[in-house]
1. Determine, for each peptide in 63-72, 114-123, the mean count of other beta carbons within 10 angstrom over its residues, then list the peptides with the highest first.
2. Would you work out if the chain is rounded, prolate or oblate? Take a ≥ b ≥ c from the square roots of the eigenvalues of the alpha-carbon gyration tensor; rounded if a/c is under 1.5, else prolate when a/b is larger than b/c, oblate otherwise.
3. Provide the gained length on full extension for the span residue 3 to residue 21, in nm with one decimal, where the gain is 0.36 nm per separating residue minus the Cα-Cα distance.
4. At residue 249 and residue 172, where each label point lies 7 Å from the Cα along Cα→Cβ, what is the point-to-point distance in nanometres?
5. Per-residue ellipticity at 222 nm for the chain, helices alone: DSSP H runs ≥ 4 residues times -39500 (n - 2.57), over residue total, nearest 500 deg cm²/dmol?
6. For the ranges 289-301, 26-38, what's the packing order if you count other beta-carbon atoms within 10 Å of each residue, average per peptide, and put the highest first?
7. Would you please put 189-201, 255-267 in order of how densely packed they are, using the mean number of other Cβ atoms within 10 angstrom per residue and starting with the highest?
8. Over the chain, what is the percentage of antiparallel beta bridges among all DSSP beta bridges, to the nearest 5?
Amino acid sequence: MVDGAISKTICRLPDSVKGQQFIIQNCKSCNIFVFDHMASVTIDDCTDCCIFLGPIKSSVFIRDCSNCRVMVACQQFRTRDCRHLEIFLCCMTQPIIESSTGMKFACFQYFYSQLEDQFQKSGLSLYNNNWSDIHDFTPVPDERNYCILPQDTQPDCFIPNQAEGLVMEDLSIEKNKSVIPCTLGKRRKQHDESCLVVFFSQEKTPSTGVRSFITKMAEGHGDCELIQSKEVNLQPAEAENILGTNIYNTFVTQGPVVGLEYNGDNICNICHNMTKGQQRIFVSHEATVAKKQIENFYNVAQMHLAI
């Protein structure tokens, strides 16, 4: 627990919380870093704080807070009676705000060496991030209680100063290093063409090629955007209906698939060239077909993940 702190920097290092519940309350002008996985988190009555939270197995609930920046990965996210928060979010379900105003959202982007293992311990997928799909329980007519932050917004406050004595040397907020892929979400797409890229598991393990592909796309085709991603188990009949072929039916029985939606000029050809010679990857052949494949894939994924 962190309670009543004022103008302090507080750190919890890996293996210090060990999957337990964590509470932050009554803090003002603090930098709080919890570099561990947790069962659930509540944040109450905090103002002017910067808070980083490692993966949370169930829910984070933020109440009566104002003028804070929060970076968090969780199963469920909810705020109530909050004002002017900036949230850098990874959430497995639809984020919810209630009686909250001036809320701003962006995609989670962070790295340290233990973070991916902490995601696994919390049962959170790296690829099921619904950060921009906000549901407002208390909408106001002709007003908007939340918005999406610009892509170039930098989460600078989530890297502690060296002078603060934190023994964590590999922290990074660079998008290309982030454990969670940084997605465009519901921001406006810059191009008319999109493409579905699906990675199939081998020996029950999602393809390690996903991360490599995302990195190479960012380095070689920076004008192409990753819109969204999903990790889900498909039935052969579902895969055949989505992809328009049965040649991948055996692959889908071997574990979850990871689907990526990319957007960009000539994007289908670019993705095909990036995956030449790889058998366990599906790429849309052309943009006209890809639109329906993307719609079908994400509809089926949402159905499975909602169960």
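Computed from the coordinates by the stated procedures, all read-outs in this text should not be read as laboratory data. The model shown is predicted, which means the values in this text are computed figures rather than measured ones. So basically every Cβ, Gly included, is an ideal-geometry build from the backbone, and we count neighbours across all protein chains shown.
1. On the way: 63-72: 20.9, 114-123: 16.7.
Top of the packing list down: 63-72, 114-123.
2. On the way: a/c = 1.93, a/b = 1.69, b/c = 1.14.
The shape class here is prolate.
3. Numbers: separation 18, 0.36 × 18 = 6.48 nm, distance 1.42 nm.
Between residue 3 and residue 21, full extension yields an extra 5.1 nm.
4. In this crude label model, residue 249 to residue 172 measures out at 4.3 nm.
5. -5500 deg cm²/dmol
6. On the way: 289-301: 18.2, 26-38: 21.2.
The densest-packed peptide leads the list: 26-38, 289-301.
7. Highest mean packing first, the order is 255-267, 189-201.
8. Values: 18 of 71 bridges.
Taking every DSSP beta bridge with both residues in the chain, the antiparallel ones total about 25 percent.
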